[in-house]
1. Would you mention how many residues in region 196-225 are under 22 Å from residue 33 (Cβ atoms), in contact with a Gly (Cβ under 6 Å, 6 or more places away or on another chain), open to solvent by 10 Å² or more (accessible area, probe 1.4 Å) and at pLDDT 90 or above?
2. Among the residues of region 377-386, which ones are open to solvent by 30 Å² or more (accessible area, probe 1.4 Å) and either free of Cβ contacts under 8 Å to residues at least 24 places away in the same chain or assigned to a loop (DSSP other than H, G, I, E, B) (or both)?
3. Do we find a residue being assigned by the TED database to the domain that holds residue 623, part of a loop (DSSP other than H, G, I, E, B) and of a type in the set (S, T, N, Q) anywhere in region 548-566?
4. For region 138-161, which positions are open to solvent by 30 Å² or more (accessible area, probe 1.4 Å), touching a helix residue (DSSP H, G or I) at 6+ places or on another chain (Cβ under 8 Å) and assigned to a loop (DSSP other than H, G, I, E, B)?
5. Does residue 69 count as over 32 Å from the mean Cα position of the chain (by Cα), open to solvent by 60 Å² or more (accessible area, probe 1.4 Å) and without any contact (Cβ under 8 Å) to a residue 24 or more places away in the chain?
6. I'd like to check something: does region 411-427 contain any residue that is more than 27 Å from residue 584 (Cβ to Cβ), within 20 Å of the chain's Cα centre (by Cα) and surrounded by fewer than 17 Cβ atoms within 10 Å (Cβ to Cβ)?
7. How many residues, within region 482-523, are in a loop (DSSP other than H, G, I, E, B) and either buried (at least 16 other Cβ atoms within 10 Å of the Cβ) or under 46 Å from the mean Cα position of the chain (by Cα) (or both)?
8. Considering region 230-260 alone, what residues qualify as being assigned to a loop (DSSP other than H, G, I, E, B) and either aromatic (Phe, Trp, Tyr) or open to solvent by 50 Å² or more (accessible area, probe 1.4 Å) (or both)?
Amino acid sequence: MSNIYIYNLYILFQRIVSNPSFVVDGVSRFDFGQGIVGNCWFLASIGALTFQDYILGQVVPLEQSFDDDYCGLFHFRFWRFGRWVDVVIDDKLPTINGRLIFVHSTDPNEFWPALLEKAYAKVCGSYSDMNAGTPAEALVDFTGGVHICIQLSEPPPNLWELMCRAGQSKSLMGCGTEQGETSANTVLPNGLVQGHAYTVTGVKQTMSQGQLVNLVRLWNPWGRGEWNGDWSDQSPLWQTVSPQDRELCLSVRDDGEFWMTLQDFCRFYSDLDICCLCPDFLDGSSCHWKTSFYEGRWVAGTTAGGCMNNRDSFWTNPQYRVKIDKLSSECGEFQGEKNMLVSLMQKPDKRNRRLVQNLHIGFSVFEVTGEYRAHRGKFPASFFERNRPVAQTKTYMNAREAMEFVTLKPGEYLIVPSTFNPNETASFILTILSKAETHVHENSGGHGHGHGHGHGHGHGHGHGHEHMEQDVNPRHEAGENGEDDDNKRTLFRQFSDKYEEVDAEQLQMLLNENLKGDLKSGGFSVDACRSMVALMDSSITGKLNSEEFVNLWNRVNLFKDIFSRADVSRTGTLSLSELRNALMATGKNVSDDILNLIALRYGSSSGNITMENFISLAIRLTCMSQIFRQLSNQTTVTLREPEWMYVTMYT
């Protein structure tokens, strides 16, 4: 058995190649062939990349070389889940018997394909993590652009026009054949490979026997193996076209590239992926598309409500409210056509690509009409019971990305991304592209959201900000009167020192002794009591006087009552869905982001919230909201470092 060696290029230079180069005579799809890794999807995407010099130069800085200042490092860039990532690799490449075992160049002195593959393998986790995939994944990672997927079993009537516009713009196109009965790449009698990725390298309309024929050119990343049907290299149909078209299109050699009719393309291929920096090719209009970009997260128990089959929990999913303006005058004639592209991409939670288990994801779009236009905050379950989606993904797919091209008239809409099953945790990116001006905000927290206001093709991050409603009045809710105050002061004096003050340890004893029948996890910790003292200690002594204690005790009893009412399961703890209702009962309408942070900070390993933890978090939430209003202009707070440290280190 041959041994695998990891050679760096200096050793390759000495032992194998006489004159190593990063690029030899330009960059072409014919520069390389596939190695032993099943990453045809990646190499098909590289084939498409070689047609767009600007995009290629962004991913593969071509000025790299083996000159005198060569240091053994190479640099590449990929767009990964919302941001460009710089990837630096060394020059060590695996070989067997002096030959590269992964992607290899037709010219043994050229190394850009092998080094690009290694850089992407680093992003994926390893070479083996690149096994199996779809061209769409790498196409998006090369561009950060707009991606659409067309199912060729049901092609749109304007497929040819769409492919022609894509070919004329800075688009990358890839496609794939159906998988056979096994996972093997079986070569069919017609020359095509089952379960294999190809690059779309061109489209051409020609006249044959008095009829126009639409031809698609494809390339096999193996660098060999071609279609042998109509319009293949040896097809007699090439004798029916003009000598000019034959000279322009026909190349009779086994280089993996061939032509076929659009009809055969739709018949033998399953899907077409088109990726472009700008979506203008979608309809050929002169409209300037706007892009908004949002990051979100589904969290089991709080914001992972599942699909619409889950009527009680669907409303808890992240919600994005979209206002679509009328199209500008130059785009007005296209008003009735599809005018918005919505893309939902799930972000991996694993370092290695092969370990990632994609969830089934999708989204629904609802029109906001009538009484709900004035609604602020998260839309309740009743809204979804009364309204049906005006657009949605056709199915929930366990793919990295789900997208739909839709028609929406000017107005207000609600986009709800979700997993198919409830209580599945994952992060996602929601991208909205629109011909019209759009105003989008994350909808879970009432007023004061961050707008993702799309401008051109820039990205507006739309993380929502929590909006706190006015404070509940603990005195009123507790039904306080003079006699009740006296009882509380009497209780206070039983635990206070000679100066009639209580510190954190004394407060801990007071709370645990008087609430012990309601507490489930050993009572309040001394750390929780220190936090409450700091929040209520207006005199900054590290202790509470009787007035400060009465104020705290009112809040403790109010939040204890809210906890008891919210605990509909009667378990003595709050589930994360019950927590949302409990926080709303305190008068605080928090965003999904803040709710998820609260669950992380105050929840147990099971995700449930005990009474003492709920009381602690509710006191902190109301106090910090009050502090914000005192220090802010209602929207922002400006603090010097000493002030920031004062607030964060004590209160």
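The values are calculated or read from the model by the stated rules, or taken from the named source; none is laboratory data. All values derive from a computational prediction rather than experimental measurement. Every residue, glycine as well, gets a Cβ built from its backbone with ideal geometry; the counts of neighbours run over all protein chains shown. Accessible surface is based on the protein model in full, side chains and every heavy atom, while ligands, DNA and RNA are left aside. Shrake-Rupley method; radii C 1.70, N 1.55, O 1.52, S 1.80 Å.
1. 1
2. Residues satisfying the conditions are 380, 382, 386.
3. no
4. Those that are open to solvent by 30 Å² or more (accessible area, probe 1.4 Å), touching a helix residue (DSSP H, G or I) at 6+ places or on another chain (Cβ under 8 Å) and assigned to a loop (DSSP other than H, G, I, E, B): 153, 155, 156.
5. Yes; evaluated as a whole, the condition is true for this residue.
6. Within region 411-427, none of the residues are more than 27 Å from residue 584 (Cβ to Cβ), within 20 Å of the chain's Cα centre (by Cα) and surrounded by fewer than 17 Cβ atoms within 10 Å (Cβ to Cβ).
7. 12
8. 230, 231, 234, 252, 253, 254
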